[in-house]
Amino acid sequence: MHDDRRARVRAAGGFAGNGVLRVRVCERCVLPETFPGVGLDGTGICRFCRSYKPERAEAAKEKYLRRFEELLAPRRRAGRYDAIMAYSGGKDSTYTLLALKRRYQLSVLAVTLDNGFISPVAIENIRVVVERLGCDHLFFKPRFDLLQKIFSRAIDEQMFSAKTLERASTICTSCMAIVKFVVLRMAVEGRIPFVVYGWSPGQAPIEASVFRHNPAMLRSMQKALQDPLAAAAGPEVGDYFLTEEHFADPGGFPYSVSPLAFLEYDEERIVEEIQRLGWRRPTDTDPNSTNCLLNAFANQVHKDRFHFNPYAFELAKLVREGHLAREEALARLATSENPEIVAQVRRRLLDK
Ligand SMILES: [Zn+2]
């Protein structure tokens, strides 16, 4: 292993406490004053809460739900699969898969990207859920040596645009880039009309919940993600992205859908429903992830550098829109990462 990578991994272990400072938080949602551009006013309300209009949000949900259903009708059973889904095994993607199968009766290929840090309970959940729902499933495991280089680089380098830091840790963004394009590539090659993600309504803006991928937009999105990954791990990362051959075939570009942005979303109810499928809540992950051990480490690194939790934006939006109790969100954001998991991840990133 390169010395600079070793140093980075070590540095990430040197936290004082949980990296969370005592800060003022929006009185209505949970965004802290350390969040970029939060704009807390004299009454302690953030700019996102000031501009939020519940009636507009409801109308938008209906509009996108209709749009998805209209697009779906003529494309059912047009090929082997109606949809390919990025299935992490977490609660949101499990509930999304349940909706695709039970509400829409789609033929789904569920794909799990094994980043080397999936919780053992999550792996068991994945097996149980795909069996119960009767859908085809693939574990896709990219080269771990490449992932190690990427995740180690993401510890202390920004890698992507400053905007991405407001929504997720750099480690999460780099992992999601691979997930997104691996699944997209399979959709293009397999002529699957829909690529589905299990983003919560806090992660997926409603305006982006249903859209057709167009080659020009994809090309620039891919460049913004692929170039930093290639700088960290070499040109081999190109194997997980689209090639000129894919771009030359614009007929094959699928729609992107994030159903939880427009379906009913209530966390407690979601967990109850998926537990009926045999899903169990992992006890070895941090409170913001129900599948990934790397997440605790990624959160710790992010909080230490930027002094806000990378889940703050998502949880604030869930609270603002009435999907999650404010107390629950505050408790989750205040939870320290499990030092054993953080240490375990660090050891695995150091492993040759
Ligand atoms: Zn707020």
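The values are calculated or read from the model by the stated rules, or taken from the named source; none is laboratory data. Note that the coordinates shown come from a computational prediction; the quantities given were computed from them, not determined experimentally. For neighbour counting, all protein chains shown are included, and Cβ atoms are generated from backbone atoms with ideal geometry for every residue, glycine included. Calculation scope for accessible area: heavy atoms of the full protein, side chains included, ligands and nucleic acids excluded. Shrake-Rupley method; radii C 1.70, N 1.55, O 1.52, S 1.80 Å.
Report the Cα centroid-to-centroid distance between region 75-134 and region 285-307 in angstrom, as an integer.
24
Which log10 I(q)/I(0) values, to two decimals, does region 266-313 give at q = 0.13 Å⁻¹ under the Debye formula with one point per Cα?
One equal scatterer on each Cα of region 266-313 leads to -0.39.
Would you mind computing the Rg to Rh ratio of region 197-329 from its alpha-carbon coordinates, Kirkwood style for Rh?
When Rh is taken as the Kirkwood radius, the ratio is 1.02.
Among TRP279, TRP199, what's the order by accessible area (1.4 angstrom probe), most exposed first?
From most accessible down to least: TRP199, TRP279.
Using just the helices of the chain, give the 222 nm mean residue ellipticity in deg cm²/dmol: DSSP H runs with n ≥ 4 each add -39,500 (n - 2.57), and the total is spread over all residues, rounded to 500.
After summing the helix terms and dividing by residue count, I get -14500 deg cm²/dmol.
Compute and list, largest first, the equivalent-ellipsoid semi-axes of region 84-182 from the alpha carbon gyration tensor, each √(5λ) rounded to a whole angstrom.
Here the semi-axes work out to 28, 15, 11 Å.
Quick one: how many Å² of THR283 are accessible to a 1.4 Å probe, rounded to 10?
130
With an 8 Å Cα cut-off and a minimum separation of 6 or more residues, compute the relative contact order for region 71-188 in percent.
Once normalised by length, the contact order is 24 percent.
How far is the Cα center of region 20-51 from the Cα center of region 241-284, in Å?
Region 20-51 and region 241-284 have Cα centres separated by 30 Å.
Highest GNM mean-square fluctuation, the chain, Cα pairs closer than 10 Å: which of ASP82, ASP145, ASP114?
ASP145
How much solvent-accessible surface does ASP41 expose, in Å² to the nearest 10, with a 1.4 Å probe and all protein chains in place?
About 50 Å², ignoring ligands and nucleic acids.
How much of the pair distance distribution for the chain lies past 38 Å, counting alpha-carbon pairs only, in percent?
13
Using R₀ = 30 Å, calculate the FRET efficiency as 1/(1 + (r/R₀)^6) where r is the Cβ-Cβ separation of ALA343 and LYS223; round to 0.05.
0.25
Relative to the present Cα-Cα distance, how much length would full extension add between GLN275 and GLU244 at 0.36 nm per residue of separation?
Length gained between GLN275 and GLU244: 6.9 nm.
Using a 1.4 angstrom probe with every protein chain in place, what is the largest-first accessible-area order of MET85, MET159?
The residues order as MET159, MET85, largest area first.
At R0 = 30 Å, how high is the FRET efficiency between ARG185 and HIS307 if r is their beta carbon distance? Nearest 0.05 is fine.
In this case the efficiency is close to 0.25.
Report the convex hull volume per residue for region 142-267, counting only C-alpha atoms, in Å³.
117
Springs between alpha-carbon atoms under 10 Å, Gaussian network over the chain: tell me which of ARG76, ARG47, ARG276 tops the mean-square fluctuations.
Checking each option, the largest mean-square fluctuation is seen for ARG276.
Along region 331-342, what does the Karplus equation 6.51 cos²θ - 1.76 cosθ + 1.60 (θ = phi - 60°) give for ³J(HN,Hα), rounded to whole Hz, x for Gly and Pro?
So the J values, rounded to whole Hz, are 5, 5, 5, 8, 5, 6, 6, 5, x, 5, 5, 4.
With all protein chains present, calculate the accessible area of TYR197 using a 1.4 Å probe and round the result to the nearest 10 Å².
10
What does the net charge come to around ARG320 if you take all other residues with beta carbon closer than 10 Å to its beta carbon, with K and R at +1 and D and E at -1?
+2
Once amide H atoms are built 1.01 Å from N in the peptide plane, which residues 5 or more positions from LEU113, or in another chain, come under 5 Å H to H?
Result for LEU113 returns TYR87, PHE140.
Express the accessible area of region 94-163 per residue in Å², computed with a 1.4 Å probe while the remaining protein chains stay in the model.
39
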